[in-house]
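Participant: Starting off with a structure, shown below.
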Amino acid sequence: MLISGRGSNLAALLAAARDPVYPAEIVLVVSNRPEAAGLDLAREAGITALAIDHRPFRGDRAAHEAAIQAALAREGVEIVCLAGYMRLLTTFLVDAWHGRMLNIHPSLLPAFPGLDTHARALAAGVKLHGCTVHLVTQAMDEGPILAQAAVPVLPGDTADVLADRVLAQEHAIYPLALRCVAARVPGVPAPAEAALRNPIGPATPPGTSSRSGPFPATAPPPAPRHR
Ligand code: GRF
């Protein structure tokens, strides 16, 4: 996992991966910011956590990415998850991880790529906002969508309030999307439950499970676990 900050999505993936049938294992966390709180989270969970600071590379993005790539190779990583990794990637890493690099973005892409998504959503007056997990391609915040969750924008919302509402959904869909990719579920990147997940309305009658999509019934056998 590549991070730059607090690591709440990292925590969500760590929690999901504790389930023995989850098809992925978190083996390495790399941050370009040594002070990232997510590094401590990873260490507390017994995961190798490395700070690979971009600053000593003085703008040589490819060299910084080569250092990251070497760490990923050392750990035998098979899938890379970006979770609040605040560096633009060069073609070097993007091409190396084609189809095996995921990102989470706090908007319903293709709306609001880039920064300050919650403030921009409020300014635009949208009534629905949300988050997206997608495969990483060269263009920023583009690439095939794996999972989305929508939340309502409510009267009186501030960017922070909206961010919290979206973040709760990020923590739900990132583990789901990684599970689909890691397990090579047929039909990826269109996991039905992930694509349709909507926390707003009662999707199911009271007393029945809200997780009524194709999972876990169609989930494949647990092995192999991807690193
Ligand atoms: C999340 O909102 C994610 O969507 C965005 O950066 C934030 C990272 O938060 N890309 P955290 O570090 O996972 O808590």
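The values are calculated or read from the model by the stated rules, or taken from the named source; none is laboratory data. Worth saying up front: this structure is predicted, and the values here are computed from it rather than measured. Methodologically, a virtual Cβ is constructed for each residue, glycine included, from the backbone with ideal geometry; neighbour enumeration extends over all protein chains shown. All accessible areas refer to the heavy atoms of the entire protein, side chains included, with ligands and DNA or RNA removed. Shrake-Rupley method; radii C 1.70, N 1.55, O 1.52, S 1.80 Å.
Participant: Using 0.36 nm times the number of residues separating residue 126 and residue 35, minus their current alpha carbon distance, what extension gain do you get?
Facilitator: Numbers: separation 91, 0.36 × 91 = 32.76 nm, distance 3.49 nm.
So the extension gain works out to 29.3 nm.
Participant: While we're on this one: To one decimal place, what orientation-averaged projected area in nm² is obtained for the convex hull of the Cα set of segment 7-164?
Facilitator: Values: hull surface 40.1 nm².
The number I arrive at for segment 7-164 is 10.0 nm².
Participant: Does segment 1-71 come out rounded, prolate or oblate by the C-alpha gyration tensor, with a ≥ b ≥ c the root eigenvalues, rounded set by a/c under 1.5 and, if not, prolate when a/b is larger than b/c and oblate if not? Can you show the working numbers first?
Facilitator: Numbers: a/c = 2.85, a/b = 1.91, b/c = 1.50.
Verdict is prolate for segment 1-71.
Participant: Subtract the Cα-Cα distance of residue 73 and residue 25 from 0.36 nm times their separation in residues, and report this length gain in nm to one decimal. Could you put the intermediate results ahead of the total?
Facilitator: Working: separation 48, 0.36 × 48 = 17.28 nm, distance 1.52 nm.
So the extension gain works out to 15.8 nm.
Participant: Roughly speaking, what is the stretch gain from residue 95 to residue 60, that is 0.36 nm per residue apart minus the C-alpha to C-alpha distance, in nm to one decimal? Can you show the working numbers first?
Facilitator: On the way: separation 35, 0.36 × 35 = 12.60 nm, distance 1.75 nm.
In short, 10.8 nm is gained.
Participant: What order, most packed first, do the peptides 31-37, 101-107 have when packing is the mean number of other Cβ atoms within 10 Å of each residue? If you can, show how the numbers build up before the last one.
Facilitator: On the way: 31-37: 18.1, 101-107: 23.7.
So the peptides 31-37, 101-107, ranked by packing, come out 101-107, 31-37.
Participant: Now a separate question. Of all beta bridges DSSP finds with both residues in segment 1-136, what is the antiparallel percent, to the nearest 5?
Facilitator: On the way: 4 of 15 bridges.
The answer is about 25 percent antiparallel.
Participant: A further question on this structure: Residue 180: accessible area at probe 1.4 Å, nearest 10 Å²?
Facilitator: Looks like 0 Å² after rounding.
Participant: While we're here: Relative contact order of segment 1-148: what whole-number percent is it, with Cα pairs under 8 angstrom and at least 6 residues apart? Please list the in-between numbers first.
Facilitator: Values: 243 pairs, mean separation 28.8, N = 148.
Worked out over segment 1-148, it gives 19 percent.
Participant: Sorted by packing (mean other beta-carbon atoms within 10 Å per residue), highest first, where do 2-15, 157-170 land? Write down the numbers at each step before the final one.
Facilitator: Working: 2-15: 21.0, 157-170: 17.1.
Descending packing order for the listed peptides: 2-15, 157-170.
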